[in-house]
Amino acid sequence: MSAATDFHKRLHGEIGALRFDPLGYVMYAFPWGVPGTALAEEQGPEPWQRDILQRLGDGLIGTTEAVRAAVASGHGVGKSALVSWIVLWALSTVRDTRGIVTANTEGQLRTKTWPELAKW
């Protein structure tokens, strides 16, 4: 088996193990605190983002009802980043994931959500 094949198998296993752990995925998938990266000065999501990711993961373990979360905040605090992380986590950890992302307007999706998703 080639080194590339071994790497892909290991990566698949590590990411797959985070299926019920969106916070773990976000911490694993991005170079928090790594010198020379855009996240060099960051240690991970903000506390409120961590809380929502943790609650999402906890809610998936007992699937008797949908996980609901609402965030009311100002501009530029990280709501679109959080949505991006959740989308990437779902697409990365569950085969054939499908979902719907909504916003108040099409313009918000086009100018805020999708560019943020592309950034991450």
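The values are calculated or read from the model by the stated rules, or taken from the named source; none is laboratory data. Fair warning: this is a prediction, and the values are worked out from it, not measured in the lab. Every residue, glycine as well, gets a Cβ built from its backbone with ideal geometry; the counts of neighbours run over all protein chains shown. Protein only, heavy atoms only, side chains kept; ligands, DNA and RNA dropped before computing areas. Shrake-Rupley method; radii C 1.70, N 1.55, O 1.52, S 1.80 Å.
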- Message: So residue 34 ticks every box in (1) surrounded by 14 or more Cβ atoms within 10 Å (Cβ to Cβ); (2) β-branched (Val, Ile, Thr); (3) closer than 23 Å to residue 10 by Cα but one. Which box is left unticked?
- Response: (1)
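Looking only at residues in the stretch 56-73 that are surrounded by 15 or more Cβ atoms within 10 Å (Cβ to Cβ) and not aliphatic (A, V, I, L, M), which one is farthest from residue 33 (Cα to Cα)?
Step one: list which residues in the stretch 56-73 are surrounded by 15 or more Cβ atoms within 10 Å (Cβ to Cβ), which gives 56-57, 59.
Still in the list and also not aliphatic (A, V, I, L, M): 57, 59.
Values: 57: 24, 59: 29 Å.
Only one residue fits best here, namely 59.
Of all residues being open to solvent by 50 Å² or more (accessible area, probe 1.4 Å) and without any contact (Cβ under 8 Å) to a residue 24 or more places away in the chain in the stretch 38-47, which is farthest from residue 87 (Cα to Cα)? Just the residue, please. Give the steps one after another, and end with the answer.
Taking the stretch 38-47 first, the residues open to solvent by 50 Å² or more (accessible area, probe 1.4 Å) are 38, 41-43, 46-47.
Keeping just the survivors that are without any contact (Cβ under 8 Å) to a residue 24 or more places away in the chain gives 38, 41-43, 47.
On the way: 38: 20, 41: 24, 42: 21, 43: 21, 47: 19 Å.
Among residues in the stretch 38-47 that are open to solvent by 50 Å² or more (accessible area, probe 1.4 Å) and without any contact (Cβ under 8 Å) to a residue 24 or more places away in the chain, the one farthest from residue 87 (Cα to Cα) is 41.
Taking into account only those residues within the stretch 74-96 that are over 21 Å from residue 44 (Cα atoms) and without any contact (Cβ under 8 Å) to a residue 60 or more places away in the chain, which is least open to solvent (accessible area, probe 1.4 Å)? Let's see the steps before the verdict.
So in the stretch 74-96, the residues over 21 Å from residue 44 (Cα atoms) come out as 94-96.
Restricting the remaining residues to those that are without any contact (Cβ under 8 Å) to a residue 60 or more places away in the chain gives 95-96.
On the way: 95: 196, 96: 116 Å².
Once the filter is applied, the top-ranked residue is 96.
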- Task: Quick one: which helices (runs of 4 or more DSSP H) lie wholly within the stretch 40-120 and hold at least 1 residues that are touching an Asp or Glu at 6+ places or on another chain (Cβ under 6 Å)?
- Result: 47-61, 79-93
- Note on the structure: Scanning the stretch 15-31 for residues that are touching a residue at least 12 places away in the same chain (Cβ under 8 Å) and more than 19 Å from residue 58 (Cα to Cα), the one surrounded by the fewest Cβ atoms within 10 Å (Cβ to Cβ) turns out to be 29
- Cβ pairs under 8 Å, 6+ apart or interchain, first in the stretch 97-115 and among the small types (Gly, Ala, Ser), second open to solvent by 100 Å² or more (accessible area, probe 1.4 Å), ordered by first then second residue, are 103/112
